[in-house]
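*Asks:* Mind having a look at this structure? Questions to follow.
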């Protein structure tokens, strides 16, 4: 029988990702000094869509959740098919690297080959975007009690769209932390263990630094704001420091930069800590397609409980 507390945390993580995305969307790409204080949560539109609308972060996370529920775990081919169908539906927002990769996939190139080709063409300086970090949370949920499998699956998930090794490191760290939090481990220990696991990987030492200094000694609202390690670092920082769900996400957004993505990753972690029962009722009431997101999250609970 599934432990209800695990189910609560699993659903909370997926919903937390969507809530963070929707909270940050209206302030995307602003400098910190341009973010209003207090933040008008769920009161402003995004791209002419109503308050509470979500971006490509949640769209791709939902693709991942649906795919894993239907495939009994991560099936890269099935997931890429869902990403491609979504891409062909002309969504309002698609990340630059993701767009380049899925355009090649649509033309017949295998996803990992397309991601590698885009990385080689653009070079590492501009190829470590946060587009795989933003939606990876459900992978950590599904493998909450099988974290060893994430050592292979998390980097593979990233490489479907973001080939750079730093992206793979960021996705591995975030999914390991999500898995530990869904299992019920203390936040400080969950984040510390995740960072220790990746510290020897490309970008691992920088990520360790950013968990302490993102948004402080290292601003995250400048020209390189879409860097994968910024997103992973600020999300892990929020979880490590024990901020509450609402307080933590408001602070993440207040730092500016890629606010929707940073808050989506942070929401996946903070949502696992708070659980479904601990999410702000007022925020949830404004979330677009909240019932659909919650239903998809609930479908991951059997995978999360599997050992």
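*Asks:* Calculate, in nm to one decimal, what residue 188 and residue 113 gain on full extension: separation in residues at 0.36 nm each, minus their alpha carbon distance.
*Replies:* Length gained, residue 188 through residue 113: 23.3 nm.
*Asks:* Can you give the FRET efficiency for residue 37 and residue 295, using 1/(1 + (r/R0)^6), R0 = 25 Å, r = Cβ-Cβ distance, to the nearest 0.05?
*Replies:* 0.10
*Asks:* How much length is gained on full extension from residue 205 to residue 88, taking 0.36 nm per residue of separation minus their Cα-Cα distance?
*Replies:* Extra length from residue 205 to residue 88 when fully extended: 38.3 nm.
*Asks:* From a point 7 Å beyond the Cα of residue 77 in the direction of its Cβ, which residues of the stretch 98-130 have a backbone N at a distance under 18 Å?
*Replies:* Once the point is set 7 Å along Cα→Cβ of residue 77, 105-114 turn out to lie under 18 Å by backbone N, inside the stretch 98-130.
*Asks:* Using the alpha-carbon centroid of each, what span in Å lies between the stretch 203-240 and the stretch 122-168?
*Replies:* 16
*Asks:* Between the stretch 273-301 and the stretch 30-66, what is the C-alpha centre distance in whole Å?
*Replies:* Using only Cα atoms, the two centres lie 15 Å from each other.
*Asks:* Sort 187-199, 262-274, 78-90, 123-135 by the packing proxy (mean of other Cβ within 10 Å over each peptide's residues), most packed first.
*Replies:* On the way: 187-199: 19.4, 262-274: 33.2, 78-90: 15.7, 123-135: 22.5.
Highest-to-lowest ranking by the protection proxy: 262-274, 123-135, 187-199, 78-90.
Read-outs throughout are calculated quantities, based only on the coordinates presented, and are distinct from any laboratory measurement. The structure presented is a predicted model; accordingly, all values stated were derived computationally and were not measured. Note that we place each Cβ from the backbone using ideal geometry, even for glycine, and neighbour counts take in every protein chain shown.
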